[in-house]
Every structure is written in C-alpha cells, then in structure tokens.
Amino acid sequence: MSRTKTWIDTPSAPAFVPPPGAVDAHVHVFGPEAEFPFSPKAKYHPEDATPEMLFALRDRLGFSRNVIVQASCHGTDNAATLAGIAKAGGRARGVAVVDPDIEQEELEQLHAGGIRGVRFNFLKRLVDNAPKDKFLEIAKKIAPLGWHVVVYFEADLLEELVPFLEAIPTIVVVDHLGRPDIAQGPDGADITAFKQLLDSHPTIWTKVSGAERLSPQGPPFDDFVSVIRPVVERYQDRVLWGTDWPHPNMEHRIPDDGTLVDVVPRIAVTPLLQRKLLVDNPMRLYWPEELG
Ligand code: 0GY
C-alpha cells in the first residue's frame, strides 16, 4: 500500500490571532513508522507526521499547546502518542485508545505520560468493531483517574448510542459534533438531535471541529459556520476545537490549516467565547492542576 500524505507543509498564516495559551485540542501524530510501526489492522497507511512537524505547525498557527489523540492507524499501541507528548515539554497531553483488559498499572503509566482520556471510535471505515460493553468496562476503569471519554460517531448512530453515552460515568467529548449533515442547515434534523443530546446531558461536551470534513461547500466554510456558531454560543463552557492535523483520510480534500484557524472567530464571535473555546475549556480537561 502506498503511503498517503494528507497535509500541506506550509499552511497559510491565519489572520486570527488565538488568545495566549490557546490549545489545539485535536491533533494526531503518525509514526515515524520506522520507530512506531502502524497497526496490522490500520485502515490507512500515512506518511510520517512527526511531533517536530506538529510543534512547527502549532507555532506557525499561534497556538501554545496540543492534545494528541491516538489515531486509529496505531491501534491500541500508544507509544507514538506518548513520544509526542514527551517531546512537547509539558505543552501536550493526550487521549489514548486502550484494550478492555488493560491493567491499572498501565493506566497509571499512561497518566504519568500525559494521557487524560480514552477514545471510543464507532466509524466502520476506521475500526473493525466497537464493542459497547467493553467500552463501558474501560470507562469504569479510567473514571477514578479523573479522565474523560472521547467518542467518535456519525449522526445516523446518535439515537442508538444515547443509552451507551448515558452509562459512561465521566465527561464525554463527542468528536466533530457527531458528524451532522451540514447541508441540512442550522435547524436541520442532525444538529437539532445533537443539541437535544447536549441540552439533556450536561456532562456531554463536543469538539466544534471538522469544518473541512463536514462542509459540502468547502472553504471558507460558510455553511459550517452558520450551523455551528449557535452551538458554540449555547454550550460555550463545554466546547473544544482542534485543527485535526495531519487530517487522516483527507487526501482528496487536503485543508489549509491557516484557513481552518480563521473559522474560529466566525464560530466563536467574541473574545470571551474564543477564550473559553481555546483556553479555559481545554485547560479544565487536560491541565486542571494549572487552574488552581
Ligand atoms: C479524525 C478523523 C478521522 C480519523 C481518525 O483515528 C483516526 O484515524 O480519527 C477520520 O478519518 O474521520 O478525527 O482524525
């Protein structure tokens, strides 16, 4: 399988200047493969996207910190993610993917390595199976560590997943808003169902990321902005944002990270909303000890 490259090396410099201490709360590292081979079950085979490349992007975009989310191509071996966190000198934390039979000692090692959450992935094109009962076992094990759960699913699964989401004893962060159909508009069925979920479950948060994946129109993502701005205003204390660099599986629509950053002030339209989205909220989940 040839290796895919899904990012541009020198994205445009954004016009928007993120507030001091801004966290890009959804990024990945790939490899380097020679050191950290991909999982035999990986559904894509990317070029190396190294921590050094990530930190250069972070600085170019004006961010201070990253949350590195274990990518499906590395399976449940979190070594590449941990190496990225270790190289960041305190400026990165992470979300792991773990097996249900993980021992307490390994969880404690992951915690020492900067992991603060686990991810449950329901996308059939990324993982072979998503066993809810096993995921709940994991959720119970990680809850005492003060971690949270990140869940990635598509809108057509939302209704079926509600009892599962309700059984998770920690904060739940839904990736990319549960992938609503943005073409339905701000009052569409998908985003309405998702808002009802957030209305009735105060411990469910969301990443208001994924403009490049969800917008049929593409840059400058006017359709995404019109649907997502009300979400940021309404749930302003439980939203996170990330570039999603290096944009797995986006080889046919590689985004410009600078353009993505310029979506932020259009969905979070005041300095206060921007600070909550990029600083206060991610700090509560990933660096709570710094909040005093
Ligand atoms: C994302 C989205 C995707 C991939 C992964 O772990 C992954 O491989 O999350 C995707 O293909 O939609 O958030 O990175």
Inset, instruction - Return only the number of the condition from (1) farther than 20 Å from Val279 by Cα; (2) part of a loop (DSSP other than H, G, I, E, B) that Thr192 does not satisfy. - result: (2)
Legend entry - Condition met for Glu106 (away from the ligand (no atom under 16 Å from the Cβ), open to solvent by 80 Å² or more (accessible area, probe 1.4 Å) and closer than 18 Å to Gly75 by Cα): yes
Inset, instruction - Report those helices (runs of 4 or more DSSP H) wholly inside segment 211-290 carrying at least 2 residues which are within 16 Å of the ligand (Cβ to nearest atom), in contact (Cβ under 8 Å) with a residue 40 or more places away in the chain and under 27 Å from Gly114 (Cα atoms). - result: 257-261
Inset, instruction - Could you check how many residues of segment 162-210 are more than 26 Å from Asp133 (Cα to Cα), in contact with a Ser or Thr (Cβ under 8 Å, 6 or more places away or on another chain) and without any contact (Cβ under 8 Å) to a residue 60 or more places away in the chain? - result: 3
Legend entry - Tabulated pairs, segment 137-159, first within 15 Å of Gly210 (Cβ to Cβ) and free of Cβ contacts under 8 Å to residues at least 24 places away in the same chain, second outside any strand (DSSP E or B) and open to solvent by less than 30 Å² (accessible area, probe 1.4 Å), C-beta under 7 angstrom, 6+ apart or interchain: none
Legend entry - Single condition Val225 does not satisfy, out of (1) over 17 Å from the mean Cα position of the chain (by Cα); (2) open to solvent by less than 10 Å² (accessible area, probe 1.4 Å); (3) closer than 23 Å to Gly21 by Cα: (3)
Inset, instruction - Go through the residues of segment 119-134 one by one and say whether even a single one is hydrophobic (A, V, I, L, M, F, W, C) and away from the ligand (no atom under 13 Å from the Cβ). - result: no
Inset, instruction - Give the residue, chosen from Gly84, Gly90, that is without any contact (Cβ under 8 Å) to a residue 40 or more places away in the chain and among the small types (Gly, Ala, Ser). - result: Gly90
Legend entry - Count of segment 127-150 residues which are touching an Asp or Glu at 6+ places or on another chain (Cβ under 8 Å) and open to solvent by 70 Å² or more (accessible area, probe 1.4 Å): 0
Legend entry - Positions within segment 170-197 being surrounded by fewer than 22 Cβ atoms within 10 Å (Cβ to Cβ), touching a strand residue (DSSP E or B) at 6+ places or on another chain (Cβ under 9 Å) and farther than 14 Å from Ala155 by Cβ, in sequence order: Thr170, Ile171
Inset, instruction - Would you please name the residue that is surrounded by the most Cβ atoms within 10 Å (Cβ to Cβ), looking only at residues in segment 238-292 that are out of contact with any Asp or Glu (no Cβ under 8 Å at 6 or more places or on another chain) and closer than 20 Å to Leu126 by Cα? - result: Pro246
Legend entry - Residue tally, condition of a type in the set (Val, Ile, Thr) and within 15 Å of the chain's Cα centre (by Cα), over segment 125-183: 7
Inset, instruction - Might you let me know whether segment 31-47 holds any residue that is among the acidic types (Asp, Glu), outside any loop (DSSP other than H, G, I, E, B), away from the ligand (no atom under 16 Å from the Cβ) and open to solvent by 20 Å² or more (accessible area, probe 1.4 Å)? - result: no
Inset, instruction - Within segment 57-83, track down each residue that is over 18 Å from Trp147 (Cβ atoms) and within 16 Å of the ligand (Cβ to nearest atom). - result: Leu57, Ala71, Ser72, Cys73, His74, Gly75, Asp77, Ala79, Ala80
Legend entry - Members of segment 1-15 found to be charged (D, E, K, R) and farther than 13 Å from Glu251 by Cβ, listed by number: Asp9
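The values are calculated or read from the model by the stated rules, or taken from the named source; none is laboratory data. It should be emphasised that the depicted structure is a prediction, and the values quoted were computed from it without experimental measurement. Virtual Cβ from ideal backbone geometry, glycine too; neighbours counted across all protein chains shown. Ligands, DNA and RNA are excluded from the accessible area calculation, which covers all protein heavy atoms including side chains. Shrake-Rupley method; radii C 1.70, N 1.55, O 1.52, S 1.80 Å.
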